[in-house]
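Below is one structure, written out as structure tokens; the observations come after it.
The values are calculated or read from the model by the stated rules, or taken from the named source; none is laboratory data. What you are looking at is a predicted structure, and each value in this text was computed from that prediction instead of being measured. All Cβ positions, even for glycine, are placed from backbone atoms using ideal geometry, and neighbour counts span all protein chains on display. Areas reflect the complete protein model, heavy atoms only, side chains present, ligands, DNA and RNA absent. Shrake-Rupley method; radii C 1.70, N 1.55, O 1.52, S 1.80 Å.
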Amino acid sequence: PTADLIQQNNPTCKIQTYVGGLSCCHHKNILLDADQPVDTREDEVYLKFRFYYQPYTPATSTTPASHLNLHRFYFQTEAWSEEYDITQCAPGTPPSQCIHEITARWQVKSMMIDCDSKTDPTCVPKKGINLIYAGGHCHAPACLSIELYNADTGNLLCRQVPIIGKGVEPKFDEEGYIAIPPCLWGYDSGLFPPVLLGWETNLLSVKRANNTYYHYGDMASWQMRGIFV
């Protein structure tokens, strides 16, 4: 099996035991009792985006291109359930010991997204990928950690843990603010060099969450970016 949910009898796997989550939140679904009126008011929301860019210089006979294309790679620790329940620990268990864990195992080639080398010259897979970015989807505040391993070597590739804001810095450090920074590789100062993963490389994901309280609709997917090599 790729992942643990069925073996754990996770409630999200069967409609008979489904408690709540994404399947309750389809467009225009109203989750109210029959005697509750539906509020017809609408919110108008505005979003502002700021994009930064660098000019691209094509490769020449003597110099490489200034930038390389990053391809997307994706997999779910909950293995295509899209979500799962963090079931509550036994009554009386100290919060520090309430840890819910799920795992998944897969190969790098399982994350390969179809691409057309005619429209994207960089889409010519050879040995595998140089991993540049890995970001685990870990819901705060229950998230304790999400880890990605090379299962063939046992090497830890990425470990993400929440960083709790302390109210010292003016941005992204507000008291109670929770950040979960991704793992990055590259050639700039301060970064580890990219990790080469062959197509047959076996990966292991381990997601841990505090289950003092029951949580549904949780996620544990991996968003990754890499360069074909």
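Go through segment 116-182 and name the chymotrypsin sites (Phe, Trp or Tyr not before Pro) that are in a DSSP coil and have 16 or fewer other Cβ atoms within 10 Å of their Cβ. Could the numbers behind the result be given before it?
On the way: sites: 133, 149, 172, 177; in loops: 172, 177.
Those that pass, being in a loop and sparsely packed, are 172, 177.
Can you tell me which lysines have their Cα less than 22 Å from the Cα of residue 14? Leave out same-chain residues fewer than eight positions away.
207
Please build a GNM for the chain, connecting alpha carbons under 10 Å apart, and tell me which residue among 194, 91, 11 fluctuates the most.
Among 194, 91, 11, the largest GNM mean-square fluctuation belongs to 91.
Using only Cα atoms, figure out Rg for the chain and give it as a multiple of 2.2 N^0.38 Å.
On the way: Rg = 21.2 Å, N = 229, 2.2 N^0.38 = 17.3 Å.
Taking the Cα Rg and dividing by 2.2 N^0.38 Å, one obtains 1.22.
Cross-link candidates for residue 166: which aspartates and glutamates have Cα within less than 18 Å, leaving aside residues fewer than 8 places away along the same chain?
Within the straight-line cut-off, residue 166 pairs with 174, 175.
Given H placed 1.01 Å from N in the peptide plane, which residues other than close sequence neighbours of residue 195 have an amide H under 5 Å from its amide H?
Answer set, sorted by chain and number: 131.
Just order 73-80, 155-162, 219-226, 33-40 by mean Cβ neighbour count inside 10 Å, highest at the front, would you?
Values: 73-80: 20.4, 155-162: 16.0, 219-226: 22.0, 33-40: 6.0.
For the peptides 73-80, 155-162, 219-226, 33-40, the packing ranking is 219-226, 73-80, 155-162, 33-40.
For 82, 44, give the ranking by accessible area with the largest first, probe 1.4 Å. Walk me through the intermediate numbers first.
Values: 82 90, 44 140 Å².
Output order, biggest surface exposure first: 44, 82.
Please report, in whole Å, how far the alpha carbons of segment 93-184 spread along each principal axis, starting with the longest.
Principal-axis extents of the Cα atoms in segment 93-184, largest first: 52, 36, 20 Å.
Give me the 1.4 Å probe accessible area per residue for segment 1-156, excluding ligands and nucleic acids, in Å². Walk me through the numbers before you get to the answer.
Numbers: 11420 Å² over 156 residues.
Averaged over the residues of segment 1-156, the accessible area is 73 Å².
Can you give the alpha-carbon Rg of segment 117-171 over 2.2 N^0.38 Å, where N counts its residues? Walk me through the intermediate numbers first.
Numbers: Rg = 17.4 Å, N = 55, 2.2 N^0.38 = 10.1 Å.
Normalised Cα radius of gyration, segment 117-171: 1.72.
Students sometimes get this wrong: rank 81, 61, 96, 205 by accessible area, probe 1.4 Å, all chains present, largest first. Intermediate values should be presented prior to the final figure.
On the way: 81 40, 61 120, 96 95, 205 0 Å².
Largest to smallest exposure gives the sequence 61, 96, 81, 205.
Looking at 87, 11, 150, which one has the Cα that reaches farthest to the positive end of the dipole of the chain (charges on Cβ: Lys, Arg +1; Asp, Glu -1)?
Result: 150.
If the cut-off is 17 Å between C-alpha atoms, which lysines fall inside it for residue 109, apart from same-chain ones fewer than 8 positions away?
Here the lysines satisfying the reach criterion relative to residue 109 are 126, 127.
Enumerate the calculated ³J(HN,Hα) couplings along segment 210-220 in order (Karplus 6.51 cos²θ - 1.76 cosθ + 1.60, θ = phi - 60°), each rounded to whole Hz, writing x wherever the residue is Gly or Pro.
For segment 210-220, the Karplus curve yields 6, 10, 4, 10, 6, 10, 10, x, 7, 9, 8 Hz.
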